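Have a look at the structure below, then the notes.
Computed from the coordinates by the stated procedures, all read-outs in this text should not be read as laboratory data. Predicted, not measured: the structure shown is a model, and the values here were computed from it. Cβ sites come from the backbone with ideal geometry, for glycine too, and all protein chains shown count toward neighbours.
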Amino acid sequence: MVMGGEDLEPEKQPGGEKRDQIIDAAVRVFAEKGFHAARIEEIAVEAGVGKGTVYEYFASKLELFQKMLLFVYHRYLGMFDDAVAHPGGTTSTLQKLVADHLGFWQAHYEMAQVLLSEQVPLSGNLREWMLKRREEILGRLIGILERGIRAGEVRPVNTHLAAQTILGTLVSMGSQMVLSHPNSNLDTNQMAEDITNILMKGLGS
C-alpha cells in the first residue's frame, strides 16, 4: 500500500534478511535508549553492520523508527488474523485471541517498551494507516460477536461498543504485562481464560 508516496508494506520492500536484522537491532536500541537518545551508530553496532549499511536501507533515524513500528505491527496483524480464523465458538475464539495477544507482547517486550516509554513520532501517512488497521481490527471483533449472537452464544448487544471494550481490554492487559516485566513467568493462557470468562459472563452474580 502506498499513501502519499510512502510504502507501508514492508514485506514488499527490498533488503530481506539484512533489513530485518537492522530493524531487530533498532528495536533493542530504541527500547534501551528511547527514540531521541538512540544513535544510528549504536543500531549499526547492535546489528553487526556498518553505519553506511543502515543508511542504504533507511534515510534517517525517524524513517528507521517508523519502519520498525510498521514491521512489528504487520506481525501483530498476522497473529490477530490467525486467531480470528480459529474454528471454534465465540468463547474459544476470544480466549485464543487474548492468549495470542498477551503472548505476542510478551515475546515483543522490547518493542512494547518503546511504545510505552515516550511519545512515538509518526508521520501523517503512518498514523492514518494505523488508524485504519485499528478499524479493521474492530471490524473483525464485531464479526466474532455477530456470529456469536446468531449462534446464541452471545446475547444481543451493541457489537461496536462491545468490540471497543474487548480491544481496550487487550491493550490495557498487554500494557500491564509489559510494565510488570521482568516477570516472564506469567501464565498467559490462564490470564486469557480469566479475561475471557469476565468478558463472556460479565460481573453480575
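General remarks:
- Across all Cα atoms of region 93-186, the radius of gyration (one decimal) and Dmax (whole number) stand at 15.3, 44 Å.
- Extension gain, E193 to A107: 0.36 nm times the residue separation minus the Cα-Cα distance gives 29.0 nm.
- Once the convex hull of all Cα atoms in region 38-80 is built, its volume per residue stands at 76 Å³.
- Principal-axis tilt of helix 90-107 within the chain, Cα atoms, nearest 10 degrees: 20 degrees
- The C-alpha atoms of the chain define a longest principal axis, and helix 188-201 lies at about 40 degrees to it.
- As a proxy for reagent exposure, D100, D24, D194 were ordered by neighbouring Cβ count within 10 angstrom, fewest first; the result is D194, D24, D100.
- The slack between H36 and V171, meaning 0.36 nm per residue of separation minus the straight C-alpha distance, is 46.1 nm.
- Pairs of alpha carbons in region 153-204 separated by more than 14 Å make up 62% of all such pairs.
- Extending 7 Å from the Cα toward the beta-carbon at both E63 and L116 defines two label points whose distance is 3.2 nm.
- Within straight-line reach of K33, meaning a Cα separation under 20 Å, sit the following lysines at least 8 residues removed in sequence or on another chain: K51, K61, K67.
- Two-site label geometry, Q164 and R133: point separation in nm, points 7 Å out along Cα→Cβ: 2.2 nm
- Karplus-derived 3J(HN,Hα), 6.51/-1.76/1.60, for each residue of region 130-143, Hz, glycine and proline x: 5, 5, 5, 5, 5, 5, 5, 4, 4, x, 5, 5, 4, x
- Inter-label distance, nm, simple model (7 Å from Cα along the C-beta direction), D24/A151: 3.7 nm
- Rg [Å, one decimal], Dmax [Å, integer] - region 17-125, C-alpha atoms: 16.0, 52
- Viscosity 1.002 mPa s, temperature 20 °C, Stokes-Einstein D of the chain from Kirkwood C-alpha radius, µm²/s: 116 µm²/s
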